[in-house]
Amino acid sequence: MANESKLWSPTLSDVLQMMPSGLVALDSENHVRLWNNAMEKITGYSAGEVMGKPCAFLNCAKCAKSLDVKSKIDTIGVSPVGDCGGLVENMECSIYSKSGELIPILKNARVLLDEYDKAIGVVETITDLRYRKSLEKEIEAWRGTVSTSAGMGLLVGNSYKMRDVYDRIRLAAQSDATVLVHGDTGTGKELAANAIHMNSSRRDKPFVTLNCSALSESLLESELFGHVKGAFTGAVSDKVGRFEAANGGTIFMDEIGDISPLIQLKLLRVIQERVYERVGDMKPQQTDVRVIVATHRNLRELVSEGKFREDFYYRIKVFDIMMPSLMERKEDIPILCNAFMERFRRATGKNIKGVSEAVSHVFMDHCWPGNVRELENAIEHAFVTCQGDLIEVKDLPREIRQFEIRQAECNNRIKGMGSGSLGCSAASKEELIAVLDECGWNKAEVARRLGVERSTIWRRMKKWGIGLNDER
């Protein structure tokens, strides 16, 4: 046919150039005779720059000796490729790029033989390991396997409050018990849940999250348990729920205090019996999921008001972790600032070295109603506005840099804590007594732990009838 297209027949050269791994061939004098496109991308050297040149410019690390072509050829009849038997299998080493970057690689090599079985060179494949190495570091950080004095996983802090959190995370990770993580918005409840998962035996299984306050009751039920085709208008196909997606791993449900009594009842069954049904389906589904929930609300008060099921409350509060507010651990602010600045330096390329002394005073003076998230946002804002080496007060968000606004926010926060509850750290008589017990009934120490005035502790004790008869 006149319009029949000519069939493409790829050549060997085409195939070698399209390989995703780097490919290099050396002759008997260690000169480069083949250099594909992937090698150009990995090293930054073009084929024109390296062809015919000795491969020494790569400064290959530990595998240099075993891949010395001349020595291999001299001894090919006895021990090809030195002690490697004529090959190198999956050897991790490193080379230098054109820019001087040390690149971790995975190398495989074979001796090239002519028709008389005489060694005439070596062909090597090179796999760039930079991305894999970076992922390994992130995974180790999430797992918290390298827990330093400055934090665990992505949680940062060295205060006694945070050390208590790390201890409870380790305890929680040793079992499959349901965990309730509570604390103010922005304190890192999801990070704590993830640290539990990554330190547990389920670390290699899914970690699935869901914010329960973002969905209506019907949509939340579908998200949690899935639905079958035709279950309701718009259900045009089967849907996998979060419990099914998390099977074998962990499901984290945030804002658990906002869910309806019906969903509470269904979750109670899942936690107790490990069984649920998809929406529109009568067939029970088995699940093997570790449940972690979180809230910033006082669930005990919701129970007393009839807005939260008491049986569900005690089922999810098998083991609880309290995330302290930033005001309770201000000694962690410098460590947190350094962590956030390092992250934003990498993200923006800006070489901002730190904060000014004035900014340090502002940070320590602020009550941080938005907690760690507010501090993170303040640093990110400063990276947008800062034009020098140090973050100055003028670079901060308006509500932080202006004393009047900052003071009004903090006064309202302290007033609210004094007239109502002590916040999540001691929201009831029983919790305040527990803190008093921990501190040996030293009211000044209790006030310091809870981040309030000593007079606030006295008012709470008087209101709840906590007196000398309670001391133990």
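The values are calculated or read from the model by the stated rules, or taken from the named source; none is laboratory data. Small disclaimer: the values here were computed from a predicted structure and weren't measured. Cβ placement follows ideal geometry from the backbone for every residue including glycine, while neighbour counts extend to all protein chains displayed.
The selection criterion, being of a type in the set (A, V, I, L, M) and more than 27 Å from the chain's Cα centre (by Cα), holds for residue 263. The set of residues from the range 243-259 being in a helix (DSSP H, G or I) and closer than 18 Å to residue 312 by Cβ comprises 243, 256, 257, 258. Filtering the range 22-37 to residues that are within 19 Å of residue 98 (Cβ to Cβ) and either touching a residue at least 60 places away in the same chain (Cβ under 8 Å) or outside the structural domain of residue 110 (by TED's automatic domain parsing) (or both) leaves 22, 23, 24, 26, 34. Test residue 348 against the criterion of being touching a strand residue (DSSP E or B) at 6+ places or on another chain (Cβ under 9 Å), hydroxyl-bearing (Ser, Thr, Tyr) and at pLDDT 90 or above, and give yes or no. Criteria not met by residue 348.
Does residue 292 satisfy being closer than 30 Å to residue 266 by Cβ and buried (at least 17 other Cβ atoms within 10 Å of the Cβ)? Taking the combined requirement at face value, the residue satisfies it.
The set of residues from the range 106-125 being over 20 Å from residue 39 (Cβ atoms) and of a type in the set (Lys, Arg) comprises just one member, 118. Can you confirm whether residue 267 is more than 17 Å from residue 175 (Cα to Cα), of a type outside the set (Gly, Ala, Ser) and either outside the structural domain of residue 167 (by TED's automatic domain parsing) or buried (at least 18 other Cβ atoms within 10 Å of the Cβ) (or both)? In short, yes.
Of all residues assigned to the range 299-312, at least one qualifies as being free of Cβ contacts under 8 Å to residues at least 40 places away in the same chain, out of contact with any helix residue (DSSP H, G or I) (no Cβ under 7 Å at 6 or more places or on another chain), among the charged types (D, E, K, R) and assigned by TED's automatic domain parsing to the domain that holds residue 219. Every test in (1) outside any helix (DSSP H, G or I); (2) surrounded by 12 or more Cβ atoms within 10 Å (Cβ to Cβ); (3) at pLDDT 85 or above is passed by residue 52 save one, and that test is (2). In the range 364-375, the residue that is farthest from residue 156 (Cα to Cα) out of those that are in a helix (DSSP H, G or I) and modelled with pLDDT under 90 is 365.
Residues are listed down the side, and each one gets a yes or a no for (1) in contact with a helix residue (DSSP H, G or I) (Cβ under 8 Å, 6 or more places away or on another chain); (2) of a type in the set (Gly, Ala, Ser); (3) at pLDDT below 75:
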| site | (1), (2), (3) |
| --- | --- |
| 70 | no, no, yes |
| 73 | no, no, yes |
| 77 | no, yes, yes |
| 90 | no, no, no |
| 97 | yes, yes, no |
| 102 | no, no, no |
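How many of the residues in the range 114-127 are more than 22 Å from residue 21 (Cβ to Cβ) and not in a loop (DSSP other than H, G, I, E, B)? The qualifying residues number 2.
Those residues that are crowded, with 17+ Cβ neighbours inside 10 Å and not β-branched (Val, Ile, Thr), I need them from the range 310-319; list them, please.
Hits for the range 310-319 are 312, 313, 315.
Does residue 40 fit the bill of being assigned by TED's automatic domain parsing to the domain that holds residue 123 and farther than 19 Å from residue 103 by Cα? When the stated conditions are applied, residue 40 does not pass them. Among residues of the range 223-246 that are within 18 Å of residue 211 (Cα to Cα), those with a beta-carbon under 6 Å from a residue that is at pLDDT 85 or above and among the polar types (S, T, N, Q) at least six positions away or on a different chain give the pairs 243/287. Restricting attention to the range 278-303, the residues being more than 29 Å from the chain's Cα centre (by Cα) and over 23 Å from residue 205 (Cβ atoms) number 9.
Would you point out the residue of the range 376-414, among those that are assigned to a helix (DSSP H, G or I) and acidic (Asp, Glu), that is surrounded by the fewest Cβ atoms within 10 Å (Cβ to Cβ)?
Restricting to residues being assigned to a helix (DSSP H, G or I) and acidic (Asp, Glu), the top hit is 404.
Is there a residue in the range 344-353 that is loosely packed, with under 14 Cβ neighbours inside 10 Å and among the hydrophobic types (A, V, I, L, M, F, W, C)? Within the range 344-353, one or more residues are loosely packed, with under 14 Cβ neighbours inside 10 Å and among the hydrophobic types (A, V, I, L, M, F, W, C).
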